[in-house]
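For reference, the structure discussed in these notes is given below.
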Amino acid sequence: MTSTTYPVLDNKDTRSGFGAGLLEAGKKNDQVVALCADLTGSLKMDAFAKQFPERFVQVGVAEANMMGIAAGLTIGGKIPFTGTFANFSTGRVYDQIRQSIAYAGKNVKICASHAGLTLGEDGATHQILEDIGLMKMLPGMTVIVPCDYNQTKAATIAIAEHEGPVYLRFGRPKWPVFTAADRPFTIGKADVMSEGSDVTIFACGHLVWKAVKAVEELATQGISAELINVHTIKPLDEEAVLKSVYKTGCAVSCEEHNMIGGLGESIASVLTRRLPKPLELVAVQDSFGESGTPDQLLKKYGLDTPDVVAAAKKVMARK
């Protein structure tokens, strides 16, 4: 067994990783443009807007219009990045994304902050928990959910070089930075964080850190867990899923999303079709959220480290 520890390097919000990555992408390619729906500060797009004012469009509180403008800009060869909260990036503008971007195959990067329960005190109306499902169902849409500041920055740079529509999901709160700044990031390629033999833990977004701590706790109990960071929900790295579960015989999926439509369902589909093995889902159990601190909400909705540990033990008993 190969076990790797991940010390906390810093505490930064993933939205700041997006802002840093957007600026870097803009420096590398002058076709990169950015559009924001009146949330420049919240999306950390200030640095890009300041350095490239001629390539930044503030559309105001007009998200549907923003998606239409972005789709149009691609016709002239531009690579538009749209920025607003995840709720407004998907639910509010689903028709425009479906018709003008996905169906048309436009090279638009839909960048969504403040996703999931960890939005916190803003409450259920803003804590979208179904956006991964909405976006992964669109033909041709790539869906990426990075785990920390460094990976969000790397993902933002990577999607600028990817041809086709992308949904990039990240969050609001400061979160442990535990991946190295130079760790390779490849769209569609799952990242094996640590190897194990008893159970596989798949995770995305903020829940990767909770899974890291769960692997450490399980090790103290003599359980060898393999941790795989599935930062790309679509296209899913099916071979990585199959290779790991073939070895361990069971799996847990962890996500800050509804259990319906998210990462867990994608993994369940692969296992059902190609390698029937037991799977437990650590996810929101088909409900809306509520106001509270990120930590309070993750605990209440069963998305904390002890919940991952419990799910690992439960699924092992089903082997």
| query | Given R₀ = 22 Å, FRET efficiency for HIS162-LYS28 by Cβ-Cβ distance, to 0.05? | reply | 0.95
| Where Rh denotes the Kirkwood radius from the mean inverse Cα pair distance, what is Rg over Rh for the chain? | 0.96
| field | 10 Å beta-carbon shell around GLN151, net charge (K/R +1, D/E -1) | value | 0
| request: For every other residue with a beta carbon closer than 11 angstrom to the beta carbon of LEU207, add +1 if it is Lys or Arg and -1 if Asp or Glu, then tell me the sum. | output: -2
| request: List the DSSP H helices in the chain whose Cα atoms stretch 18 Å or more along the helix axis and whose mean Kyte-Doolittle hydropathy is at least 0.0. | output: 63-75, 207-220
| task | Could you please tell me the mean projected area of the C-alpha convex hull for segment 191-316, averaged over all directions and given in square nanometres to one decimal? | result | 6.9 nm²
| Taking R0 as 45 Å, what's the FRET efficiency between THR272 and LYS50 from their Cβ-Cβ distance, rounded to 0.05? | 0.35
| remark: 1/(1 + (r/R0)^6) with r = Cβ-Cβ of SER287 and GLN221, R0 = 25 Å, i.e. FRET efficiency to nearest 0.05, evaluates to 0.25
| Pairwise centroid distance, computed over Cα atoms, of segment 79-115 with segment 159-231, Å | 24 Å
| query | Among the listed pairs LYS153/LYS313; LYS109/LYS277; LYS243/LYS313, which are separated by more than 28 Å between their Cα atoms? | reply | LYS153/LYS313; LYS109/LYS277
| note | Helix-only [θ] at 222 nm, the chain, -39500 (n - 2.57) per DSSP H run of 4+, per residue, nearest 500, equals -10500 deg cm²/dmol
| D (Stokes-Einstein, µm²/s), Kirkwood Cα radius, segment 48-104, 1.002 mPa s at 20 °C | 180 µm²/s
| task | Can you pull a Stokes-Einstein diffusion coefficient for segment 12-177 at 10 °C (1.306 mPa s), Rh from Kirkwood over Cα pairs, as a whole number of µm²/s? | result | 104 µm²/s
| Ranked by Cβ crowding within 10 angstrom, fewest neighbours first, how are ASP286, ASP38, ASP131, ASP307 ordered? | ASP286, ASP38, ASP307, ASP131
| message | Using the Cα centre of the chain as origin and beta-carbon charges of +1 (Lys, Arg) and -1 (Asp, Glu), tell me which of HIS206, ILE187, THR156 is placed farthest towards the positive end of the dipole. | response | ILE187
| field | Distance between modelled label sites at LYS243 and ILE75, nm, 7 Å Cα→Cβ extension | value | 4.4 nm
| note | Taking segment 202-249, the equivalent ellipsoid from its C-alpha gyration tensor has semi-axes in Å, biggest first, of 20, 15, 4
| field | segment 135-221 - Rg (one decimal) and Dmax (whole number), Cα, Å | value | 14.2, 45
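Every read-out reported here was derived from the displayed coordinates using simple, explicitly stated rules and does not represent laboratory data. The shown structure was predicted, so the numbers you read here are calculated from the model rather than taken from an experiment. For neighbour counting, all protein chains shown are included, and Cβ atoms are generated from backbone atoms with ideal geometry for every residue, glycine included.
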